[in-house]
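Below is one structure, written out as structure tokens; comments come after it.
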Amino acid sequence: MKPLEPSLQCPLPDLTATLRLAGAIAPCMRPGFLIYLSGELGAGKTSFTRALLGTLGHEGKVKSPTFALMEPYNLEKFELLHFDFYRLSEPEAWRDAGFEESFDGTIAVVIEWPEMAGDTLPVPDLWLHFDWMQADAGPERLVRLAAGTDRGRACLSALPDAVSCSAAHSPGSGCAAR
């Protein structure tokens, strides 16, 4: 899959910042909305998903779908499926598991490790790449956000006012795992 060039980057120094980012993205979520989450192990992909689901009204536990591959969440207004493709043995494995029907536009989808599916996935509305950066107080998370669709671009346009994001200017920092 061709990396998307990020247009925004947001520091995430703590859980509160992650909650603010999830809260700013939550109004964009609706059936058919597709988010990809990339980054190293422990960079914050599942934490972001927990924050997003909590903002969307989910009150129960949010498990990492690393071993199950998918966890469903029946929210008040729509269903959201949380996938983790880290353990896919080959790019087509998600289709072989019957997950392709999840992309019919009736369900919101969040996928961790989309790069494991190669070029087999559709273009996401948003692609968030979680990284670590060195800050004065020590390592700090940074998320780079890219939009692949018009509705993703509309979502990104509202973010700088809601959270501490700035334009991303780092060449070669596409939102695909390296």
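Computed values, structure above
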| item | result |
| --- | --- |
| Enumerated strands (runs of 3 or more DSSP E) restricted to region 79-152, each holding at least 2 residues that are among the aliphatic types (A, V, I, L, M) and either more than 24 Å from GLN9 (Cα to Cα) or touching a Pro at 6+ places or on another chain (Cβ under 6 Å) (or both) | 79-84, 138-147 |
| Answer from ALA43, ALA108 - the residue that is touching a Lys or Arg at 6+ places or on another chain (Cβ under 8 Å), over 23 Å from SER157 (Cα atoms) and surrounded by 14 or more Cβ atoms within 10 Å (Cβ to Cβ) | ALA43 |
| Cβ-Cβ under 7 Å pairs, at least 6 apart or on other chains, region 92-118 side closer than 25 Å to SER47 by Cβ, far side of a type in the set (Ser, Thr, Tyr) and assigned to a helix (DSSP H, G or I) | VAL109/SER102; VAL110/THR49; GLU112/THR46 |
| Residue, surrounded by the fewest Cβ atoms within 10 Å (Cβ to Cβ), within region 77-105, restricted to residues that are touching an Asp or Glu at 6+ places or on another chain (Cβ under 8 Å), within 24 Å of CYS28 (Cα to Cα) and not acidic (Asp, Glu) | LEU81 |
| Residues of region 33-48 that turn out to be in a loop (DSSP other than H, G, I, E, B) and in contact with a strand residue (DSSP E or B) (Cβ under 8 Å, 6 or more places away or on another chain), as a count | 4 |
| Residue within region 49-61 that is surrounded by fewer than 22 Cβ atoms within 10 Å (Cβ to Cβ), touching a strand residue (DSSP E or B) at 6+ places or on another chain (Cβ under 9 Å), on the phi > 0 side of the Ramachandran plot and outside any strand (DSSP E or B) present | no |
| Hits in region 62-77 (condition: part of a loop (DSSP other than H, G, I, E, B) and among the aromatic types (Phe, Trp, Tyr)) | PHE67 |
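Yes/no matrix, rows are residues, columns are (1) over 16 Å from HIS129 (Cα atoms); (2) touching a residue at least 60 places away in the same chain (Cβ under 8 Å); (3) not hydrophobic (A, V, I, L, M, F, W, C):
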site: PHE33; (1), (2), (3): yes, yes, no
site: GLY42; (1), (2), (3): no, no, yes
site: HIS58; (1), (2), (3): yes, no, yes
site: ALA68; (1), (2), (3): yes, no, no
site: GLU71; (1), (2), (3): yes, no, yes
site: LEU75; (1), (2), (3): yes, no, no
site: HIS82; (1), (2), (3): yes, no, yes
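No value in this document is a laboratory result; all are computed from the given coordinates. Fair warning: this is a prediction, and the values are worked out from it, not measured in the lab. All Cβ positions, even for glycine, are placed from backbone atoms using ideal geometry, and neighbour counts span all protein chains on display.
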